[in-house]
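Accompanying notes for the structure given below.
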Amino acid sequence: MLITIEGIDGSGKSTLLARLRELLADLDPLFTREPGATWVGESVRRAIAERMDPITEALLFCADHAAHIDTVIRPALDEGRLVISDRYADSRFAYQPVVLDGVLPDPLSWLRRIHEGWSIRPDRTFLLVLPVEDAVSRLGPEKKREYFENAAILEQVQENYLNLAAADPLRFVVVDALLPKEEVARFIAGEIRAGARSSRRRPRA
Ligand SMILES: Nc1ncnc2c1ncn2[C@@H]1O[C@H](COP(=O)(O)OP(=O)(O)O)[C@@H](O)[C@H]1O
Ligand SMILES: Cc1cn([C@H]2C[C@H](O)[C@@H](COP(=O)(O)OP(=O)(O)O)O2)c(=O)[nH]c1=O
């Protein structure tokens, strides 16, 4: 079973993942992330830091995804493991249209076409949602921010995320990220546990 965690920068993904490691330890999940689970992820970080052109950047994120699926996700799913990824394809569909706006006529369709035929659809995606001003204040004024970590960009990213969730309500679970950390983590752990139980009853297609 493939679970993905999505949300704008500062929504609480890293905090949540750390707690899920404890709460779900008995299920022995494989925790992974995008970008960065493969060496391609290092190129992605460099591309963001150096502000490469948006097409190069988008294709590097996609290359990281392909390597991530090939080397980490597919092997684990084939072994029947529960896989939980901090960011996944929806990060591309939410962030890259913002930077590709004006560069391509329809960035989202372009991105979707690139993923077609090889990417693996998550069984469940938890989307952490909170007002952008709260996310930005959580990121902290003193922190050296990455390019995407600014309010105007994050507003558009979050709007894209909410549109993705509205279009696919069976897969997405929208979670109020303003709730206390422990409440967020326990709710999501419970949902993942319930999903894992029912997927054991269903043979994998
Ligand atoms: N539910 C929450 N309530 C209040 N603060 C939170 C919550 N979740 C995370 N935080 C804090 O917000 C900041 C950003 O969280 P983090 O997990 O790093 O976000 P992300 O990985 O999504 O960028 C951290 O300082 C973290 O302690
Ligand atoms: C996976 C992915 C991330 N991103 C962005 C989100 C983040 O701003 C940035 C780095 O992701 P991430 O490693 O989650 O950020 P951090 O560890 O600094 O919180 O890349 C994309 O724009 N597209 C993508 O496909």
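Please state the relative contact order of the chain as a whole percent: Cα pairs under 8 Å, 6+ residues apart?
Relative contact order comes out at 33 percent.
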Notebook entry, point to check: Counting only protein heavy atoms and using a 1.4 Å probe, what share of the accessible area of region 2-199 belongs to carbon plus sulfur, as a whole percent?
Noted result: 53 percent
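Given the Cα-Cα distance of ALA167 and ARG138 and 0.36 nm per residue of separation, how much length would full extension add, in nm?
Result: 7.6 nm gained on full extension.
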Check: Taking every pair of alpha-carbon atoms in the chain, what share in percent sits in each 10 Å bin, from 0 to the bin with the longest distance?
Finding: 8, 35, 39, 16, 2
Next item on the list: Please build a GNM for the chain, connecting alpha carbons under 10 Å apart, and tell me which residue among TYR147, TYR161, TYR95 fluctuates the most.
Entry: TYR147
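Going by average Cβ density within 10 Å per residue, which order do the peptides 57-67, 43-53 take, highest to lowest? Present the calculation step by step, with values, prior to reporting the outcome.
Working: 57-67: 20.1, 43-53: 14.0.
Going from most to least packed, we get 57-67, 43-53.
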Check: Build a GNM of the chain with springs between Cα atoms under 10 Å: which of LEU77, LEU162, LEU179 gets the top mean-square fluctuation?
Finding: LEU179
Margin query: Quick check: residue separation of GLU183 and ASP28 times 0.36 nm, minus the Cα distance between them. What number comes out in nm?
Written below: 53.6 nm
Notebook entry, point to check: With the dipole of region 2-199 worked out from charges on the C-beta (+1 for Lys and Arg, -1 for Asp and Glu) around the Cα centre, which of VAL136, THR15, ALA152 lies farthest toward the positive end?
Noted result: THR15
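The values are calculated or read from the model by the stated rules, or taken from the named source; none is laboratory data. Owing to the predicted nature of the structure, the values given are computational and were not obtained by experimental measurement. When we count neighbours, we look across all protein chains shown, and the Cβ atoms used for this are built from the backbone with ideal geometry, even at glycine. Just so you know, the surface numbers come from the protein's heavy atoms only, side chains and all, with ligands and any DNA or RNA stripped out. Shrake-Rupley method; radii C 1.70, N 1.55, O 1.52, S 1.80 Å.
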